[in-house]
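Colleague: I'd like to ask you about the structure that follows.
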Amino acid sequence: MSSIVNFMKTTQADKRFPNQNQANHCWNRYNEWVMCLKGTQGDEDACKGVRQLAVSLCPCEWVEKWDEEREEGAFAGIKFPAKGE
């Protein structure tokens, strides 16, 4: 393991998602991060851990797509404006 990565945390198993397909789990984790931002008035530092759980579970392409959709105001999930809006 590289010395750059001292500690990596991934999301825990969730009984709501018992199957191998973790798409719904990923979607929920991402939306939990958006809800955290909404609850902290956009404080990304306070929600860093929640974002890490989503990023560790979701494919990078999905996270990037959802981030772009939030910036464009077209995200289908929890509504909270992306930074810079």
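Colleague: Show the residue pairs that are 6+ apart or on different chains and have beta-carbon atoms under 8 Å apart, the first residue being within segment 45-63 and basic (Lys, Arg), the second being in a loop (DSSP other than H, G, I, E, B) and surrounded by fewer than 18 Cβ atoms within 10 Å (Cβ to Cβ).
Modeller: Arg51/Glu44
Colleague: On to the next question. Every residue in segment 47-77 that is over 16 Å from His25 (Cβ atoms) and open to solvent by less than 80 Å² (accessible area, probe 1.4 Å), please.
Modeller: Cys47, Gly49, Asp67, Glu69, Arg70, Gly73, Ala74, Phe75, listed by residue number.
Colleague: Considering segment 16-46 alone, what residues qualify as being open to solvent by less than 60 Å² (accessible area, probe 1.4 Å), under 16 Å from Lys79 (Cβ atoms), of a type outside the set (Val, Ile, Thr) and in contact with a Phe, Trp or Tyr (Cβ under 7 Å, 6 or more places away or on another chain)?
Modeller: Tyr30, Leu37
The values are calculated or read from the model by the stated rules, or taken from the named source; none is laboratory data. Quick caveat: nothing in here was measured; it's all calculated off a predicted structure. As a convention, Cβ positions derive from the backbone with ideal geometry for all residues, glycine included, and neighbour counts pool all protein chains shown. Calculation scope for accessible area: heavy atoms of the full protein, side chains included, ligands and nucleic acids excluded. Shrake-Rupley method; radii C 1.70, N 1.55, O 1.52, S 1.80 Å.
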